[in-house]
Structures are given as structure tokens and as C-alpha cells.
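Below: the structure, in C-alpha cells.
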Amino acid sequence: MNDRYDGYSGSYSGDASNTSDQYELVGYDEYGQPVYRQVSQQPAQYEYPQAPQGQGYGYDPYATGQQPPVPSYDTYDPYGAGAPAQQGPPPSYDPYGAGAGTGQQQRVEEQTATAHIPAQAAPRTEPAARERDGAPEYRTEQFSFVEEPDENSEDVIDWLKFTESRTERREEARRRGRSRVVALVVVLVLCVTGGVGYLWYAGKLPGFGAADSGKGAADTAGPQNRDVIVVHLHNTKGGGTSTALLVNNTTTKQGTTVLLPNSLALTDDEGSATTLGKSVDGDGSSGTRDAIDTVLGTDVEGTWRLDTPYLNNLVELVGNIDIDTNADVPDPAAKSGKKATSPLVKKGKQQTLSGPMAVAYATYRAPGESETAQLMRFGQVMQGVLRKLSSDPHAATVTVQSLAQILDPSLGEKDLGAFLAKLADRAKGGDYKTALLPVQQDGTLSEQATDSVVKDVLGGTVKNPGKDASVRVGIKNATGVKARTEKARVTLVNGGYTFVDAGTGSAPQAASQVTYQDADRKQDAVEVAKTLGLPTSAVRKGKTVANADVSVVLGQNYTGGQ
């Protein structure tokens, strides 16, 4: 019987048992998961064995026959099951039973190649393979993010710390700056407040003059307090003296130097007429001081004798002076036969004078100049010294003590230092002036002098004599006969009165007049009229000369006892 042909005998090309899908590890993705790829393989070549001879009816047309062994591959089986080993020849064919020798093949479903299989674990490889492939020493199931040490990490940390500290320093600097600004504002406010308060206290605050004008006028009209000393400059080389009054008006806060000409008519202790220059040389300090009190009606507190060597030292102690000079002063040494040189003191603005230069300028009197020109230079030097002298009483006293001069008992070093310090404060503040007492040719005071200097500067009638003090009588000759002034003087002195020369009238006057200003002086005026041989009807209340208690204008009806 013919052999039956099995049309389905042989291996089916689509059988999955003939194909083994293999994968290999290619790396890890950004999340640490393994990535595989499919390895293509050559299909196994199967040989169809020859059918055995003489097979009978036992031939199974559906038998697969003996299969050759599957070659071994050193690859990874994703399912962990290798091909079953074929041992021995296949047993006899059982047409309806499962051949024992064929081995049961497990069908593998065809897998599509993929780049990422998250469920797969990394293959276990030998250490040699890992060293060869350069794979990491950890397994994927132990994968974790590893912070690799970076040499720049410390620099970054340092930079962050530096940035943070710099920010803190900036904030601290801003805080300090704000604190300093606040402190500066507080200091400025205090300074402005203190300055305004001082100006208000001193009466120099602009804008308040109108409000205080009434008060200032009242203070000027009322009694004023004045501190007065007399200073005599003695020229030890050239001879001669110069006299000035230093006045500190504590009521009006004004300082003044009043220059007294040597021709000023005075009365000595015996009642005799004299001049200021003669009184300084003859009577000494106390006699001259009393005579000045009598003539000017002021209260001179002390006498300061300042010889030219001490003036030289005083200028040197205060550190030179700066004044506006009005003449070129030659060097006094040139007069002793030395060759003439350039002027010791040059004329000009703000000339700096040393001690010798100040002495030469204060005593200089050009040929043909009046005495008043030299007096004005002396006044400039004194005001320049006061501007440079310390305003502190203690420091000014030290300066006076440094002069090492013997002072008049009426004025000690501490008193003089304190007085000069007050005047120095006035001079530095611009509240200081120099005034010349104008006198007539005969040495008497003119009306201009009594109104502008004696009354306004010196106070005029500030001296109120006591009950036992003699009455000051000012005599003005309007008779036209000069000799009658001397007769009136002698008569008054003999009667116990103090004679004050009020000058000469501009024109002769027929009737004499006796005037008193204060009501309590009315009886004194009547007694003066009787002493001079004048009728009591000539007594009346009116204006008197500034330095007298009772004023008398001698008319032509005064005969002088003839």
C-alpha cells in the first residue's frame, strides 16, 4: 500500500518554537530604569531526517520526526526557560500519542522590539563582564540618586556665604547711615536753636527790633550803668602823654574809647585851672581822675598807666594787631643819625603791626599835625588790641599779669583783666567805637561835646553827688570880657562850689541866667546866684550843661564884684 503523504509534515515556519527572542541591556534612562534592545538571531536550520526503510503502517503522517538539537547561545532568555535537551533517539512513533522523544515545545508569542521595558530587571553579569562593559557596581534594584562630589561645590557655598554677608553689611551700613543722619539733624537743630536763643538774648535777632524798640528806648532814656577807667599812655622815649577813657555801657551793650585832648581844661585839688596834660604830669593818677570826674560828670573807677614798653609787650602778647593805618610812619631809629630806610609802618588797609610798630604808630605826630591826629592813632591801636585780646576774664587776667607792671592801687590785675575781657567781647562783636571829645581852643567843652559825648557816651549826669558833696557849677562867659570867667571861678571855689568851665558864649548877653534841671537843685541855684552877686530873679528851671548841677550864663550885668 502506498505511503500516505502528510501535507503538514515538517516544521511550520511560523512556529514560535523555532524562534528565540533575545534582549541585551544598552543602558539606563534619566529615571534610572534599564533600557534593552532586541538581538536579531539566525533561524535554526532543521534537517529533515530520512524516513526509515521498511516502515509499515505505523507511519504517522502528522509526526514531526526527529529534530536536531537547538544550538546553544550565550544570550539572555527573557522568560528564563531554555530549549529542552534532546536525549537519545526518538522512540517509536505513536500516531495518536504524544511522542516521548519529541519534547514538548512552548510557544513563544512574538514580541515587538521596544526601547524601554520598565518591568525588566538588569541582567546578572559576572564581575569580569561588568569591568569589561564599564557598568556601575550597583544593581538596578538598588538604584538611587548619587550625589557625586564636585570640587566647585565649596566655592559655590563660599560665594553664597559671601553674598549673604555682603548683603548684611550693606543693610548695617544703611542703618548706620540713617542713625548718623538723624544724629546730625538733631545736632543742627540744637545749634540753630541755641544760636537763635543767643541772638534773642543779646538783642541781635533780626525782625525783633521793632518789637523791642519801645523797650530799648526806655532803657536809653532811663538810667544807664557804665564802667569807666582812664588809661594814660606815657611815651618814655619821645616824651608826652596821651589819655583815653575806656567805657563799657552794660545797659546798651556798647563799648567806647573816648579820646581826651591834653588841652582839656581841668581844676586841680586847690581849685586852680589846669590842663589834662599838666595834671597827668603833676597831680598823678588820683588827682587827674578826680578832676576828670568833676569836668565830665562821670565816675572813673580806676587808672591804668601804660608806658610805651608795656604797650609793646601787650601787642606782642596778643599776637600783633591788624588796623587801617592813615600815615607812613618812619622808623624812630632813623632820627639818631642812621641812614633813612623804608617806613616802619606803611599806610594802607589792614596793616599788621608788631609791638614796636604799634608803639611807633600810636605816638606818631607828623610835622604840622594837630594833637587830635595822634590821639586817633592811639585809639586805633587800643581798639586793635581789644579785638585780639581774649574775651575770657581769666585769660585776659593772665595777659595783664604777664606784663609785670605795677598798677595803680585803684585798679588791680583781676579787675583790669575782667574789665578788658568785657571790652574785648564788645570789640569782637562789632559793638565798639572810638570817639574824640571836642574841646575849644581854650580847653573848655563845646555844646557839641556836651551833647554828643559827655551826655550820650559818658552819661553826663549819672553822677549824683551826696549831701556833703560840693555842687558843680558850670560857668559860661557871655559878658564879652574873658577875665570875668576867672573872677567867677575864684568866687565859686571860695564859696565851696566846684567850678566847671562851660566855655564862652558866641555873642554877648545882657542879662545873666542861673538854671537848674532837677527840682531838688532849686535851692542850690538860688545860693549860687547870691554868691555871684546876681538877682534871684535870674534863677529858673531849664537845661543845664551835662557835667554840672547848676548852669550859669554870665551876662553883661555881671561885674565880678567891681
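Where a number appears in this text, it was derived from the coordinates with a stated rule and is not lab data. What you are looking at is a predicted structure, and each value in this text was computed from that prediction instead of being measured. Cβ placement follows ideal geometry from the backbone for every residue including glycine, while neighbour counts extend to all protein chains displayed.
One table, with the values for the structure above:
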| item | result |
| --- | --- |
| Ordering of 503-513, 525-535, 352-362, 181-191 by packing [mean C-beta count within 10 Å, highest first] | 352-362, 525-535, 503-513, 181-191 |
| Taking L160, L411 and counting other C-beta atoms within 10 Å, the order from fewest to most | L160, L411 |
| Cβ-placed point charges (K, R +1; D, E -1), dipole of the range 227-447 about Cα centre in debye, nearest 20 | 1200 |
| Per-peptide average of other Cβ atoms within 10 Å, ordering 537-544, 224-231, 363-370 highest first | 224-231, 537-544, 363-370 |
| Amide H within-cut-off set for T434, under 5 Å, with H built and near neighbours excluded | T257 |
| Amide H contacts under 5 Å for Q517, placed H, 5+ residues apart | G542 |
| Integer Hz, Karplus 6.51/-1.76/1.60 couplings in order for the range 164-173, x for Gly and Pro | 5, 5, 5, 4, 5, 5, 5, 4, 5, 5 |
| Sequence of H232, H394 once ranked by neighbouring C-beta atoms within 10 Å, starting from the fewest | H394, H232 |
